[in-house]
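**Q** Before I ask anything, let me first share the structure, which is written out below as structure tokens.
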Amino acid sequence: MQVTEPAAKEWARATRHESFQRDDLFDPLTNLHAGCWYLARAIRYWKKKVPDPIPYALAEYNAGRSNARRWADPDDPDARRFVERITYPTTKKYITLILQRYRGGV
């Protein structure tokens, strides 16, 4: 998983891994735990705000919460239109590919 050091530090604080060091991200299990925690946190956050939180959470995971919030429109929570509003082509492509696989359309 592509976990940044700041995101991993959030995970470490939240899960009380006081001895966390940046190099710990090279441990596959630690990296997986931190990445899954970060994605689950994003899903919980967006679940309170929109009917289909997965695209929003994926955008947050890939481009950060501030960008996902910028692309979100509180007056239009439709997930498809949210994805259309994403201004980072790589994030838009990432979300589209993940959703295709997630929803069974490999």
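The values are calculated or read from the model by the stated rules, or taken from the named source; none is laboratory data. Since this is a predicted model, take the numbers as computed values, not measurements. Every residue, glycine as well, gets a Cβ built from its backbone with ideal geometry; the counts of neighbours run over all protein chains shown.
**Q** List the number of the failed condition for Y38; all other conditions in (1) under 21 Å from E5 (Cβ atoms); (2) among the hydroxyl-bearing types (S, T, Y); (3) assigned by TED's automatic domain parsing to the domain that holds Y102 hold.
**A** Here Y38 clears every test but (3).
**Q** OK, next. Please verify whether region 71-82 includes one or more residues that are part of a helix (DSSP H, G or I), in contact with a strand residue (DSSP E or B) (Cβ under 8 Å, 6 or more places away or on another chain) and surrounded by 18 or more Cβ atoms within 10 Å (Cβ to Cβ). Spell out the reasoning first.
**A** To start, the set of residues in region 71-82 that are part of a helix (DSSP H, G or I) comprises 71, 79-82.
With the extra rule that they be in contact with a strand residue (DSSP E or B) (Cβ under 8 Å, 6 or more places away or on another chain), the set shrinks to 81-82.
Those still in the list that are surrounded by 18 or more Cβ atoms within 10 Å (Cβ to Cβ) too: 82.
Among the residues of region 71-82, at least one is part of a helix (DSSP H, G or I), in contact with a strand residue (DSSP E or B) (Cβ under 8 Å, 6 or more places away or on another chain) and surrounded by 18 or more Cβ atoms within 10 Å (Cβ to Cβ), which makes the answer yes.
**Q** Every residue in region 9-46 that is of a type in the set (S, T, N, Q) and outside any helix (DSSP H, G or I), please.
**A** If the condition is that a residue be of a type in the set (S, T, N, Q) and outside any helix (DSSP H, G or I), then T15, S19, Q21 are the ones that fit.
**Q** Related question: Taking A57 as the residue in question, decide whether it is part of a helix (DSSP H, G or I), outside the structural domain of Y94 (by TED's automatic domain parsing), surrounded by 12 or more Cβ atoms within 10 Å (Cβ to Cβ) and among the aliphatic types (A, V, I, L, M).
**A** Against the criterion (part of a helix (DSSP H, G or I), outside the structural domain of Y94 (by TED's automatic domain parsing), surrounded by 12 or more Cβ atoms within 10 Å (Cβ to Cβ) and among the aliphatic types (A, V, I, L, M)), A57 does not qualify.
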